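Single-structure report; data block below.
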Amino acid sequence: MNIAIVKLSSLGDVLHALPVAHALRRHFPTAHLTWIVEARESAILADQPDLNVVVPVDTRLWRRLIWRPAGAREVLGKLSRLTERLRGARFDVAIDLQGLIKSGLLTAYTGAPLRIGFAFSHCWEPLNILFTNHRVKPPRHAVHVVEQYLSLLEPLGVRDEPPAFLLPSDAEAERRIDEFLAAEGVKPRDRLVALNPGAGHPSKRWPVEYFARVAERLAVEAGVRVLLLWGPDEEGMARAIATRTTSRPVLAPATSIPELCALLRRTALMVAGDTGPLHLAAALGTPCVGLYGPTRAERNGPYGSHCKSLQSPNGSMAAISPDAAFAASLELLE
């Protein structure tokens with residue numbers, strides 16, 4: 001079989017969809033698997049052993065270009081070439097894990113005779129159903145999004161597949177991170193706890209002063225080394241945490257995805273809101289404490305028995321107390 005997986009973004013959602021590729025590879029060892037993904041998130045799929053081809057697309061760029069005449073022509077040209085490439089692949093099956101109009105269009109562009117997607121009630125944009133011809137309503141027990149994605153494989157006879165996350169390591173990235181940690185005085189026996197204050201939306205960000213309180217208690221009471229992670233436009237938050245503590249936490253460098261994986265493999269615990277690095281840590285097997293306000297932890301929390309999630313009682317991140325986060329962290333560390 002020639003199968004296309006359509007899961008465009010974001011980083012956390014792409015990570016949650018990785019078990020779909022692994023389940024397909026297990027059940028159809030000779031299948032040719034292609035993943036269509038946003039260019040920005042495509043790095044996480046590099047060297048994926050379960051995939052044959054990764055097709056990056058840049059719908060964010062398309063949206064910026066489309067409003068100018070010259071840009072519109074450029075977008076149409078890109079779409080034409082993409083459609084030609086997808087049709088040329090002669091897909092038998094396309095699986096839309098995104099549930100958006102744009103992912104539905106890309107699913108239709110594959111020309112696959114069987115196009116699987118979510119039922120109307122589970123699509124983020126209900127018009128997505130116009131582009132699929134076999135729609136699945138996840139069963140009641142599929143609460144987490146990882147389980148909901150896997151339920152879309154039922155029409156192919158794939159059922160009750162235990163989720164597996166395969167993230168190959170990069171030897172050069174591991175070496176660079178080892179050198180960084182050694183230069184910071186972090187010894188192999190030291191326990192590192194990573195804190196990530198950033199998130200894609202301000203409503204998902206825990207207050208910086210709360211992170212600082214947890215960082216101080218972890219260093220003083222649990223005897224760990226605290227590592228402050230940050231992404232684009234987030235370094236200021238990490239530095240603000242550092243200035244509020246006396247324990248001299250380690251400020252992470254700017255990292256690529258392979259380097260971030262190397263850092264997270266080295267950590268004993270990750271504490272963060274609903275953001276891509278949290279789900280990356282969980283996928284790597286690192287124990288995680290997820291802090292959840294406007295999003296539901298039962299559906300979107302870090303996946304696995306090695307993780308705990310704290311859900312705000314009123315949807316506000318500030319309603320999650322530093323004491324509760326410290327207690328959950330200590331429980332996982334012990």
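FYI, it's all coordinate maths here, none of it is from the lab. Remember, predicted model here, so these are calculated numbers, not experimental data. All Cβ positions, even for glycine, are placed from backbone atoms using ideal geometry, and neighbour counts span all protein chains on display.
Values as computed for the structure displayed
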quantity	calculated
For the chain: Kirkwood Rh in Å [reciprocal of mean 1/r, alpha carbons]	21.0
Rg/Rg_ref, region 253-334, where Rg_ref = 2.2 N^0.38 Å and atoms are Cα	1.06
Net dipole in debye of region 79-166 [+1 Lys, Arg Cβ; -1 Asp, Glu Cβ; about Cα centre; nearest 20]	300
Contour excess over end-to-end distance, with Cα ends at Glu172 and Asp92 and 0.36 nm allotted per residue	25.0 nm
Alpha carbon convex hull of region 127-243, projected area averaged over orientations, nm²	12.4
For Trp67, Trp230, order by how many other beta-carbon atoms lie within 10 Å, fewest first	Trp67, Trp230
P(r), alpha carbons of region 171-333 - 5 Å bins starting at zero, rounded %	2, 10, 20, 24, 23, 14, 5, 2, 0
Karplus-derived HN-Hα couplings along region 188-203 (A = 6.51, B = -1.76, C = 1.60, θ = phi - 60°), whole Hz, x at Gly and Pro	x, 7, 5, 8, 9, 10, 8, 10, 10, x, x, 6, x, 10, x, 5
Rough spin-label spacing in nm, given labels placed 7 Å along Cα→Cβ, for His32 and Leu114	1.7
Packing-based ranking, highest mean first, of 11-20, 54-63 given that Cβ atoms within 10 Å are counted	11-20, 54-63
Assigned charges on the beta-carbon of Lys, Arg, Asp, Glu; the chain dipole about Cα centre (debye)	760
About the Cα centre, charge dipole magnitude for region 2-156 (Lys/Arg +1, Asp/Glu -1 at Cβ), debye	460
Table column - 3J(HN,Hα) (Hz), region 80-88, Karplus curve with 6.51, -1.76, 1.60, x for Gly and Pro	4, 5, 5, 4, 4, 5, 5, 5, x
Label-point separation, Ala72 to Leu333 (7 Å along Cα→Cβ), nm	5.8
Solitary cysteines of the chain, where the nearest other Cys Cβ is not under 4.7 Å	Cys123, Cys261
Centre separation in Å (Cα based) which lies between region 129-157 and region 270-304	22
Given charges at Cβ of Lys, Arg, Asp, Glu: region 171-333 dipole, positive-most of Ala262, His201, Ile320	Ile320
From phi via Karplus (6.51, -1.76, 1.60), per-residue ³J(HN,Hα) for region 278-291 in Hz, x at Gly/Pro	4, 6, 5, 4, 4, 5, 7, x, 6, x, 9, 10, x, 10
For region 5-89, projected area of the alpha-carbon convex hull averaged over all directions, nm²	5.8
Normalised per residue, the volume of the convex hull around the Cα set of region 208-284 (Å³)	87
Ellipticity estimate at 222 nm from DSSP helix runs (n ≥ 4, -39,500 (n - 2.57)) divided over the chain, nearest 500	-12000 deg cm²/dmol
Val37 long-range amide H proximity, modeled H, under 5 Å	Val55, Val57
Residue order, fewest to most surrounding Cβ atoms within 10 angstrom, among Ile320, Ile241, Ile129	Ile129, Ile320, Ile241
Label point at Leu82 placed 7 Å out along Cα→Cβ; residues across region 131-146 whose backbone nitrogen lies under 20 Å	131-133
Computed P(r) (all Cα pairs; region 54-160; 5 Å bins; percent)	2, 12, 20, 20, 19, 13, 8, 4, 2, 0
Placed amide H near Val271: partners under 5 Å, 5+ positions off or other chain	Ala194, Leu195, Asn196, Val289
